[in-house]
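Reviewing the structure listed below.
Here, each number is a calculation from the coordinates, and none is a lab measurement. Fair warning: this is a prediction, and the values are worked out from it, not measured in the lab. Quick reminder, even Gly has a Cβ in these numbers, built from the backbone with ideal geometry, and neighbours come from all protein chains shown.
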């Protein structure tokens, strides 16, 4: 009996000990899981800032290189392969989240630009128009026409939204469109009614281009030459067969033996002549001038089987055509050189008028010497460059070419005078700030130096205020001595290079020492700031429009205005990757992004399976996953994944069935709409409509 009682007692104690041990083992599993989870959370917090900085830097690099935003997820996946230690913790993959990353960078960048403009005493404005932009409906949604009133209202509203005062607007540069430069009701005239001190002028580059275009329109034969040169370019550019024949003829004429690889390197194509591209007509005529013999022989080979070649050959193989090409090849390089000078970011105000005068003198010299016609006669002689062209230059044709040269140069000179004379009186007056142009004190010209131009500046900035005008004259009389003393301290970089011109260096010096100079020369310091902020050339917006075409391509045609503005600002105003400015920008963007809202971090697979696009391009939520009671304390991840996978598969099969039915009913070509590789930017999921990238 005692033995049975002891056995039962031992068994009970053994069972209790076993249950206690089993309970401890069960508790150790979740505790171990919690320990691992705690360690991961700790590591995640340590590398949180570095992970976000890397992700934002990736987004900034995509925008700076003008690459599609949808490559962001792919780039992050690459980072996770290259550097899995840290980037594995970046689990933000939603469309809205990725979009907010780009917008945060753009907001910080545009905020810095606007802050600098607000701190400045004045600012300049450059304007240009862009065509084929689908955002035009947003600009004109409250108007029926892009007239001066509409543009003025939009412009002033945008300046007000940016926090920029119109009274600080000092200058406006445009491409010369009548809606902007109209004397009575143009945008510039309306701005002057609000701020009378605004300097509105026509871009120098556009003036020169329009002068050439006006001359081309005045002379029908020059207009025909431009048309024929463009048709020649189109004929060869759109036909690989014709281009191959043209290259073969070029090589045969030049008697050069080349391999197939070398032929691709040394071949020279014709250029397209276009009035909207400032230097294209020069490039096109120069290409015809260099390869006229090859063009002629190629057209002769193609004339029997090609009607286009036959028609162009009848126009090209004449003395008048090649004579006109010689005239254009002599005149257009002079205009192109002047245009390139104006396109530079640093234009010396004192060199504007001398540069134009030099151009006019060179044109007059060509007209008097008849150099193009003399060169043509020389090249047609036996053994010279065009001897095999079989083109005869008769005395009558020589007289026609001489008259054409006179008419062309005369018309061009008149148009340049009409476009430039008395157009920039205020701008040209800033040339007095060039220290190298100031006579030495005590010389005969020092006393009266700059008097007339200071009078022009006083009339513009202080019209009607005799006290201010007298103050400006008094300040100038003293400032002349400062300018003369600065000659000896001009840096060699300014003297020997064109990165910074003397006038700009001189105007920047009072701004850097504004505290001391503003007390002695308050009026001159203000004028110096206006001059530094004034855009003389409108080439920068032209490059901006080129960037717009690169950013908003056909495959990215659904970019919203907000996202387009962000990508546009990063592409043009964003600092280069790797610079301290870029690091500061990305850090500020991360801080802004984190402060906008508290974000929920989901595993990547779950984030991707939350929504799925339907055939209509609308995102439908997946059926909710309802967790059921289980006998264990934790539901396994595999069960959740199986439920998500099942729901996703059912939805995908439904969408595929709908597409198959529609394809059959509409008699469309059968193709796999579900291959991941066929999607483009403009054909992707419908979330882009709600959250356009």
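Summary of packing: across the peptides 357-369, 97-109, 442-454, the per-residue average of other C-beta atoms within 10 Å ranks them, highest first, as 97-109, 357-369, 442-454. If R0 equals 56 Å, the separation of the Cβ atoms of residue 74 and residue 289 corresponds to a calculated FRET efficiency of about 0.70. Each of residue 565 and residue 153 was given a label point 7 Å from its Cα along the Cα-to-Cβ line. The distance between the two points is 1.9 nm. At an R0 of 25 angstrom, the distance between the Cβ atoms of residue 403 and residue 358 translates into a FRET efficiency of 0.45. Given bins 10 angstrom wide, list per bin the percent of all Cα-Cα distances in region 361-520, short to long. Values per bin, smallest distances first: 8, 23, 21, 15, 14, 12, 6, 1. According to the Cα-based calculation, Rg over Rh for region 74-133 is 1.21, with Rh computed by the Kirkwood formula.
Its Cα gyration tensor gives region 357-419 an equivalent ellipsoid, and the semi-axes of that ellipsoid, as √(5λ) in whole Å with the largest first, are 28, 12, 8. Expressed per residue, the C-alpha convex hull volume of region 386-464 stands at 209 Å³. Full extension of the segment from residue 315 to residue 119, taken as 0.36 nm per residue of separation minus the current Cα-Cα distance, would add 64.5 nm. Say R0 is 41 Å: what FRET efficiency, to the nearest 0.05, do residue 165 and residue 218 get from their beta-carbon distance? Rounded to the nearest 0.05, the efficiency is 0.40.
Modelled label positions at residue 583 and residue 369, each set 7 Å beyond Cα in the direction of Cβ, lie 5.7 nm from each other. Once you reduce region 351-427 and region 52-105 to the center of their Cα atoms, the two points are 57 Å from each other. A straight chain from residue 451 to residue 241 at 0.36 nm per residue would run longer than the Cα-Cα distance by 68.9 nm.
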